[in-house]
1. Do we have any residue at all in the range 47-63 that's touching a residue at least 40 places away in the same chain (Cβ under 8 Å) and small (Gly, Ala, Ser)?
2. Can you pull out every residue in the range 132-167 that is of a type in the set (Ser, Thr, Tyr) and modelled with pLDDT of 90 or more?
3. Restricting attention to the range 63-95, and to residues there that are of a type in the set (S, T, N, Q) and at pLDDT below 95, which single residue is nearest to Ser133 (Cα to Cα)?
4. Being in a strand (DSSP E or B), among the hydrophobic types (A, V, I, L, M, F, W, C) and modelled with pLDDT under 95 narrows it down to one of Ala39, Ala49, so name that one.
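The values are calculated or read from the model by the stated rules, or taken from the named source; none is laboratory data. This is a predicted model, so every value here is computed, not measured. Backbone-built Cβ (ideal geometry, glycine too); neighbour counts: all protein chains shown.
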Amino acid sequence: MSLTNEERETKLCSRCKSIKPLLQFGKASYHHRKDGIRAWCKNCRNEAARIDRIVHPERERQKHLKYRLAHPELLRKKNRDWLNKVKVEILTHYGNDNLGCVRCGFPDIRALSIDHVHGNGASHLRILKRQGSTFYSWLRVNKYPEGYQTLCMNCQWIKRHENKETR
């Protein structure tokens, strides 16, 4: 008896007993599965993992600690990539949907930063107990509050001098 195309493109999840498309199953990392596809669908695996995290929190902490110790460079790179993505997102938002200084248009991200429009930025950052990347995350979490703009460092220094702003 031969299988139809539809039967070849679906599979029965052995946990929830639902017939689902193959895309809803992950690859099996072990060799004794003839079809090379996991027995549980992704939803069932995610649910089982969520329950496991709740029931065995210490075991999960130990597993994550072991991974962090084994892969420090990979985690640093992922963190750096994520921070760069957030920085581009924030600078673009406060640059009026343009990754550049709102005064002179300078586009080099290495020289761009967030400026408090009304000055007083240093004291505000001290109150928030934030600086650098944690401030960018704060802006994002707080849904891009008003009163900020993207300036290059040169324009920030000029603005500080013109407005007689102090740190």
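1. Taking every residue of the range 47-63 in turn, none turns out to be touching a residue at least 40 places away in the same chain (Cβ under 8 Å) and small (Gly, Ala, Ser).
2. Passing the criteria: Tyr144, Tyr148, Thr150.
3. Among those residues, the one meeting the criterion is Asn84.
4. Ala39
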